[in-house]
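For reference, the structure is listed below as structure tokens.
Please treat every number below as a calculation from the coordinates, not as lab data. What you see is a predicted model; the values in this text were computed from it and never measured. Positions of Cβ are backbone-derived with ideal geometry, glycine not excepted, and every protein chain shown enters the neighbour counts.
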Amino acid sequence: MNTQVISIVIFTGVIVSIITEKVNRTVAALCGAVLMILTHVLSLEEGISHIDFNTLGVLIGMMIVVSVVRNSGLFEFIAIYTAKKTKGDPWKIMVCFIIITAVLSAILDNVTTVLLIGPMTIVICRILEINPVPFLITEIMASNIGGTATLIGDPPNIMIGSAANLTFTDFIVNLGPVVVIILFASIICFKFIYKKQLLLNHTSTNLDHLDENKAIKDKPLLIKSICVLFLILLGFMLHSQLGIESSVIALTGGAVMLLIGKQDADEIISNVEWNTIVFFACLFVVVGGLQESGVIYELATKLVDLTKENMTLAIILILWLSAIISSFLDNIPFVATLIPLILTMQAEGVDVAPIWWATSLGACLGGNGTLIGASANVVLAGIGDKHGYPISFKKYFKIGFPIMLLTIAISTVYLLIKF
């Protein structure tokens, strides 16, 4: 049996298992990764080489930081303060968190952002006695939308920026306007989708008895937490200039917090969502199988061949196919395969500027299509699951996929007008 067929069958089996939720998503990904190796689609060494250790390092480091910071009471402080400022209005809180998530995802990266925003959201929803799932779903989408706007917001943008010699300013100028429009359109959609679910219980409307200052459990730890968080955020913003991987910054932050936080190290490390880490590692291997067998390369080649002669068709096809594929596949290997093909078109004298922006918008916004479309989605779903608020694949898909289609439709109009 041809390795391409085997890799497609295994990948499809993993995705179907996750969609139907008959099998735990981590178990499904682990079985898929093992099958890719057992069927010789890739060797163990090749499988390991496809694991994105930078992403895993960011996740582990930031999960340790968040676990220590949580013990200071910082998240409760921010949650109570926000609740009082908005007079406990769930819609105002949702909009605030959507905008904060989008902005932070643009200047940091979306995974770090959701690791910080997720716990605060859970706390504030518990105070107001409302279901946090709608908040978590909107924050997932806001993180991917915000991350699209800048060079450092989402991994595909870093790759595209590097290959096409595009600067931070290039991304802001070319993608910033459409991202603002998309964010505004998404907020309007969320208003209609969650209107009935954002009704406040009468018992929780009186917030006068809550004192945010009393939420601080450990003031020395709070001061240390704010200082370390500030340095981590600064590190993320400057990591390319410093020549340090973002994972190293996150892990350094985690190590420093364990050292100076004086918390129970065993408890903090056990709080890391290891099932999410294993899921990502195994999913990277499964997608690596598609890459090694040539499935992703063939997809990308056919896409470029179809669009070589017609720029309008090229923009539309690359945007929409990148979005649909990135909803189910990790967007990093797909973009990595597209880059050399686009560079070949450039060498042949084709003006590929619109294609770079179409690839970026498709790959980044496509992540909103499903619960496994982007790292931030899985991380925030994991946070919800851990606190007893699971987000099912189907529940997310019903909202995420239509919103993703809307954002790609807006992107299509924008790119056609601009180019």
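Of the GluC sites (Glu not before Pro) in region 38-76, which ones lie in a loop per DSSP and count no more than 13 other C-beta atoms within 10 Å?
Numbers: sites: 45, 46, 76; in loops: none.
In loop regions of region 38-76 (DSSP not H, G, I, E or B), there are no sparsely surrounded GluC sites (Glu not before Pro).
Using the Cβ-Cβ distance between residue 49 and residue 230 with R0 set to 35 Å, the FRET efficiency from 1/(1 + (r/R0)^6) comes to roughly 0.50.
Ranking 152, 83, 310 by how far each Cα lies toward the positive end of the dipole of the chain (charges on Cβ) leaves 83 at the top. Using R0 = 56 Å, the C-beta based FRET efficiency linking residue 264 and residue 165 works out to 0.70. In region 280-374, with Lys and Arg counted as +1 and Asp and Glu as -1 at Cβ, which of these residues, 336, 281, 370, has the Cα nearest the positive end of the dipole, that is, farthest along it? Value computed over the given set: 370. Summing charges over neighbours of residue 178, with a neighbour being any other residue whose Cβ is under 15 Å away from its Cβ, gives -1 when K and R count +1 and D and E count -1. For the chain, a crude dipole built from +1 on the beta carbon of Lys and Arg and -1 on the beta carbon of Asp and Glu, taken about the Cα centre, is about 1380 debye to the nearest 20. When the chain is treated as a Gaussian network with alpha carbon springs shorter than 10 Å, the biggest mean-square fluctuation among 63, 404, 237 belongs to 237. Distance between the modelled labels on residue 242 and residue 189, one decimal in nanometres: 3.6 nm (7 Å Cα→Cβ projection). Positive end of the dipole of the chain, charges at C-beta (+1 Lys, Arg; -1 Asp, Glu), about the Cα centre: which of 23, 182, 355 has its Cα farthest in that direction? Sorting the options by dipole projection puts first 182. Simple spin-label estimate for residue 92 and residue 172 gives 3.0 nm between the two label positions (7 Å along the Cα-to-Cβ direction from each Cα).
Sorting 152-159, 320-327 by their mean Cβ neighbour count within 10 Å, with the most densely packed peptide first, gives 152-159, 320-327. Counting only alpha carbon atoms, the long axis of helix 393-418 and the longest principal axis of the chain meet at about 60°. Every helix of 4 or more DSSP H residues in the chain counts as -39500 (n - 2.57), and over all residues that averages to -25500 deg cm²/dmol at 222 nm.
Annotation: lysines with alpha-carbon distance below 18 angstrom to residue 302 (same-chain offsets under eight excluded): none found. Its Cα centre serving as origin, region 127-267 has a Cβ charge dipole (Lys and Arg +1, Asp and Glu -1) of approximately 300 debye. Charge dipole (Cα centre; +1 on Lys/Arg Cβ, -1 on Asp/Glu Cβ; no other charges) of region 252-393 amounts to roughly 180 debye. One chain, two ends: residue 218 and residue 278. Fully extended at 0.36 nm per residue, the span grows by 18.4 nm beyond their Cα-Cα distance. Within a straight-line Cα-Cα reach of under 13 Å, residue 87 can be paired with the following aspartates and glutamates, leaving aside sequence neighbours fewer than 8 residues apart in one chain: 208. Rounded to the nearest 10 degrees, the inclination of helix 90-107 to the longest alpha-carbon principal axis of the chain is 50 degrees.
At full extension, residue 344 and residue 301 could sit 14.4 nm farther apart than now, given 0.36 nm per residue minus the alpha carbon distance.
Using the structure shown, list the pairs from 92/418; 196/224; 217/398; 84/196; 85/386; 219/394 with a Cα-Cα distance above 31 Å, or answer none. Before the final figure, lay out each step's value.
On the way: 92/418 33 Å; 196/224 41 Å; 217/398 40 Å; 84/196 22 Å; 85/386 28 Å; 219/394 42 Å.
Beyond 31 Å between Cα atoms: 92/418; 196/224; 217/398; 219/394.
Angle of helix 3-20 to the longest C-alpha principal axis of the chain, folded into 0 to 90 degrees and rounded to 10: 30°. For residue 409 and residue 309, FRET efficiency with R0 = 30 Å and r from the beta-carbon atoms, rounded to 0.05? Plugging the Cβ-Cβ distance into 1/(1 + (r/R0)^6) gives 0.75.
Once you mark the trypsin sites (Lys or Arg not before Pro) that are in a DSSP loop and have at most 11 other Cβ atoms within 10 Å, what is the longest gap between them in the chain? Before the final figure, lay out the partial values.
Values: sites that count: 22, 87, 195.
By the stated rule (loop sites, at most 11 other Cβ atoms within 10 Å), 196-419.
Within the shell defined by Cβ-Cβ distances under 12 Å, the residues around residue 272 carry a net charge of -2, with Lys and Arg each +1 and Asp and Glu each -1.
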